[in-house]
Every structure is written in structure tokens, then in C-alpha cells.
Amino acid sequence: MTQSTHVPLPAGYVMRTWAEEDVEAVSQLDALVFGPDSWSHEIFRHEYRASTEQNPHSFYQVITYGGVVIGFAGLLYGPPFADVTTIGVHPDHTAQKLGAALLVWLMDTAQELGAMDILLEVRADNTRAQRLYTDNGFEHIHTRPKYYPGGIDAWVMRKRLRQRGPSSAVALTDKE
Ligand SMILES: CC(C)(COP(=O)(O)OP(=O)(O)OC[C@H]1O[C@@H](n2cnc3c(N)ncnc32)[C@H](O)[C@@H]1OP(=O)(O)O)[C@@H](O)C(=O)NCCC(=O)NCCS
């Protein structure tokens, strides 16, 4: 099984699995980076409970700087697919490959879980996020018209992690 190339974090940044005490900070950061598209605090509490179950299907990591949460990402595994539930970096910390480090963790986790594909939704006008995804092998496969408040379309993007084969699924290498 091939792992994506690990993205080293700049000095002072730490990436780790979120803890209960991070839920409030993640919820506030989510409101900052997503504005009207942000989730309620209760949704994050639900996600935290789901991520700490016996056999979890939800997985979350945070990035901290000086102990403060400045980035987060989540994955939901519903075999055979994995869905990116969210990914965000504080505006004061963008353009340092922190989003890339979170995306690589999402892709590697989906691969380790055995997912065939990893999928996500992105606003049609979010060109920065789309570039991050296409840089990592995601393709725009479908459009949901007027999905977001204000009538913005949603792009569904997918990265294949395993080849469909007659007998068994074969992990795809980055070269394919
Ligand atoms: C979208 C978002 C997460 C991107 O985060 P970011 O930390 O600014 O992005 P990054 O700096 O990691 O990504 C771009 C850079 O990483 C590089 N990169 C991308 N994939 C890489 C990889 N696998 N390995 C190494 N570098 C990589 C790109 O080349 C680019 O480098 P450059 O700036 O030198 O051209 C952030 O802008 C954000 O939180 N936006 C608001 C919320 C949002 O829109 N989330 C997405 C919803 S779908």
C-alpha cells in the first residue's frame, strides 16, 4: 500500500488527534473560516463522540501552534468510500502547506482504512481549495446546483485510491 508523501510541518506546528478539550476551539475556528457555511457546536460534539467510539468511522486531527488550535480536518469512512467532512486552516496560518499536511493525512487514513475512493464537496467558487485537491489527484466528477447558501454550486471531487479489478481491488500508486 502506498502512502502519500508526508508533508513536514514548519517549526512550532504540531499535528495530532483531537481531544475533547479541542472541540470548542475547533468549533470557533470553523465559524471563522467557513462563516455562513459553518457547523453548529452540537455537530462537532457529535463528531467527537463518533470519533471516540469502539470502532470509529469518524477521524479528526488538529494542528496547533504554541498549543493553540489553528487547523483541523475530518474524515468519515462508510465502506467502500471515505468522505472528507471538513478541512480548515486559520487565515493567519495559511500558505504554509498546513492544508496540504492535513489533506495528506486524510488521504493516508482513507487508504489505511481500505477505502476505494476518497470524496469531498467544495464550493464552486473556492479556487484555492480546488487547487489543493487537484494538486493531489482529485477530479471534479459532479456538480450539485445551488447547493450552498446564496445559490453557489457544490463540486463533488474524487480521488481513486484503489483500482476496480475483476477479482480484488488493487491499491493505486501515485504514478497511476
Ligand atoms: C483551503 C485551505 C484549507 C488551504 O490551506 P492552506 O494551508 O492555505 O494550503 P497549503 O498552503 O497547504 O496549500 C497550498 C500549497 O501546498 C502545496 N501542496 C499541495 N499539496 C502538497 C503535497 N501533497 N505536498 C507538498 N506540498 C503540497 C501547493 O503546491 C501550494 O504550495 P504554494 O503555496 O507554494 O503554491 C485554507 O485556505 C482554508 O482553510 N480555507 C477556508 C476553509 C476552506 O475553504 N476549506 C475547504 C473546504 S472544501
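The values are calculated or read from the model by the stated rules, or taken from the named source; none is laboratory data. Quick caveat, the model's predicted, so the values are computed rather than measured. Positions of Cβ are generated from backbone atoms using ideal geometry, with glycine treated the same way; all protein chains shown enter the neighbour counts. Heads up: the accessible areas ignore ligands, DNA and RNA and are worked out on the full protein's heavy atoms, side chains in. Shrake-Rupley method; radii C 1.70, N 1.55, O 1.52, S 1.80 Å.
Is it the case, given these coordinates, that Ala95 is modelled with pLDDT of 95 or more, hydrophobic (A, V, I, L, M, F, W, C) and farther than 30 Å from Asn55 by Cβ? It would help to see each step written out before you state the result.
On the way: modelled with pLDDT of 95 or more: yes; hydrophobic (A, V, I, L, M, F, W, C): yes; farther than 30 Å from Asn55 by Cβ: yes.
So Ala95 passes the test.
Can you name the residue in region 60-108 that is among the aromatic types (Phe, Trp, Tyr) and within 13 Å of the ligand (Cβ to nearest atom) and is also most open to solvent (accessible area, probe 1.4 Å) among such residues? Walk me through it before giving the result.
Let us first name the residues in region 60-108 that are among the aromatic types (Phe, Trp, Tyr), namely 60, 65, 72, 77, 81, 105.
Now drop any that are not within 13 Å of the ligand (Cβ to nearest atom), which leaves 65, 72, 105.
Details: Tyr65: 104, Phe72: 2, Trp105: 43 Å².
For region 60-108, the residue satisfying everything is Tyr65.
Which numbered condition in (1) surrounded by fewer than 17 Cβ atoms within 10 Å (Cβ to Cβ); (2) assigned to a helix (DSSP H, G or I); (3) within 10 Å of the ligand (Cβ to nearest atom) is the only one that Glu112 fails?
With (1) surrounded by fewer than 17 Cβ atoms within 10 Å (Cβ to Cβ); (2) assigned to a helix (DSSP H, G or I); (3) within 10 Å of the ligand (Cβ to nearest atom) applied to Glu112, the lone miss is (3).
Taking the conditions exactly as written (open to solvent by 40 Å² or more (accessible area, probe 1.4 Å), away from the ligand (no atom under 15 Å from the Cβ) and either at pLDDT 95 or above or in contact with a His (Cβ under 9 Å, 6 or more places away or on another chain) (or both)), does Pro166 satisfy them or not?
Details: open to solvent by 40 Å² or more (accessible area, probe 1.4 Å): yes; away from the ligand (no atom under 15 Å from the Cβ): yes; either at pLDDT 95 or above or in contact with a His (Cβ under 9 Å, 6 or more places away or on another chain) (or both): no.
Answer is no for this residue.
Across region 1-18, what is the total count of residues that are surrounded by 11 or more Cβ atoms within 10 Å (Cβ to Cβ) and either at pLDDT 95 or above or among the basic types (Lys, Arg) (or both)?
The number of residues fulfilling the criteria is 7.
Quick check on Leu120: is it within 11 Å of the ligand (Cβ to nearest atom), part of a helix (DSSP H, G or I) and in contact (Cβ under 8 Å) with a residue 12 or more places away in the chain?
On the way: within 11 Å of the ligand (Cβ to nearest atom): yes; part of a helix (DSSP H, G or I): no; in contact (Cβ under 8 Å) with a residue 12 or more places away in the chain: yes.
Considered against the rule, which asks whether it is within 11 Å of the ligand (Cβ to nearest atom), part of a helix (DSSP H, G or I) and in contact (Cβ under 8 Å) with a residue 12 or more places away in the chain, Leu120 comes out as no.
Kindly provide the set of residues from region 1-59 that are away from the ligand (no atom under 16 Å from the Cβ), of a type in the set (S, T, N, Q) and in contact with a strand residue (DSSP E or B) (Cβ under 7 Å, 6 or more places away or on another chain), ordered by number.
Selection gives Thr17, Ser51, Ser58.
Residues are listed down the side, and each one gets a yes or a no for (1) farther than 19 Å from Leu106 by Cα; (2) within 16 Å of the ligand (Cβ to nearest atom); (3) modelled with pLDDT of 95 or more; (4) among the polar types (S, T, N, Q):
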site	(1), (2), (3), (4)
Gln130	no, yes, yes, yes
His140	no, yes, yes, no
Val156	no, yes, yes, no
Glu176	yes, no, no, no
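Pull up region 130-150, narrow it to residues that are in a loop (DSSP other than H, G, I, E, B) and within 18 Å of Asp117 (Cβ to Cβ), then point me to the one that is most open to solvent (accessible area, probe 1.4 Å). Steps first, please.
Let us first name the residues in region 130-150 that are in a loop (DSSP other than H, G, I, E, B), namely 135-138, 149-150.
When the remaining residues are screened for being within 18 Å of Asp117 (Cβ to Cβ), the result is 135-138.
Numbers: Asp135: 105, Asn136: 38, Gly137: 41, Phe138: 7 Å².
By that ranking, first place goes to Asp135.
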